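Enquirer: Quick one: the structure is below, questions incoming.
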Amino acid sequence: MTNHTLGLVVFAISLSVVSEPTWTHKLKVFATAEGSRLAGYAYFTPGGRPHQAAVTVTDADGNVLATTITDDEGRFAVEAKRRVDHHITVGGGDGHVATYTIKADELPDRLLPSLPASLPQTGEASKKILPALPASDADWRAFIDQSIARQIRPLREQLDAYQEKIWWHDVLGGIGYILGLGGLAFGLAERRRRMDAHRSQP
């Protein structure tokens with residue numbers, strides 16, 4: 001009984017020590033569409049930003065649409081050329097990878113879902129194939145999208161950090177609960193051992 005209890009205590013402590021780097025270092029990525037410009041940033045929870053991390057943007061079939069790297073603050077930006085889902089993958093090193101998807105319906109209507117080889121290159125022909133919104137409507141839409149994006153970014157990071165804090169608190173609470181039960185079992189076993197020793201005395 002005593003050895004089993006001590007084994008549980010050692011296991012709980014070892015689990016908390018060995019797994020701590022994994023629990024406390026999670027890579028996250030967030031991005032928004034500002035017109036055809038996809039801007040975002042990567043960050044670690046509970047804190048920190050990856051520097052010069054590789055950023056790869058692919059479509060639903062895995063075709064690479066763009067590549068770049070993050071700056072010293074974890075920020076990145078690429079230009080969307082097609083109106084398709086953009087899967088943004090950031091590699092932060094040490095096996096840390098995070099992915100975020102910007103849906104096709106978040107991109108401007110003027111972007112085509114594909115780039116046909118026969119697409120005319122002249123400005124006049126391009127205007128006929130790629131209808132654009134009126135300048136005033138497009139400006140207002142871009143302004144609204146950018147304003148919303150600026151407000152969403154910090155809220156998203158704060159929410160992730162809060163959820164990570166709550167989860168870590170639950171983990172520590174669970175470990176403390178295991179240690180408490182182990183201590184209780186150890187105390188009961190020790191009390192029983194003393195009672196048995198007392199009874200065995202003449």
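All of the numbers you see were taken from the coordinates with simple rules; none came from a lab. Quick caveat, the model's predicted, so the values are computed rather than measured.
Enquirer: Using amide H atoms built in the peptide plane, which far-off residues or other-chain residues are under 5 Å from GLY92 H to H?
Expert: When sequence neighbours closer than 5 places are left aside, the close amide H contacts are VAL97, ALA98.
Enquirer: Give a residue-ordered list of calculated ³J(HN,Hα) values for the range 58-75 (Karplus: 6.51 cos²θ - 1.76 cosθ + 1.60, θ = phi - 60°; whole Hz; x for Gly, Pro).
Expert: Each residue of the range 58-75 in turn: 10, 8, 5, 8, x, 6, 6, 9, 6, 9, 6, 9, 7, 7, 5, 9, x, 8 Hz.
Enquirer: Scan around THR101 for amide H atoms under 5 Å from its own, H built in the peptide plane at 1.01 Å from N, and keep only partners 5 or more places away or cross-chain.
Expert: ILE88
Enquirer: For the range 99-106, take each phi angle, set θ = phi - 60°, evaluate the Karplus expression 6.51 cos²θ - 1.76 cosθ + 1.60, and give the result in whole Hz per residue in order, putting x for glycine and proline.
Expert: 10, 9, 10, 9, 6, 4, 6, 8
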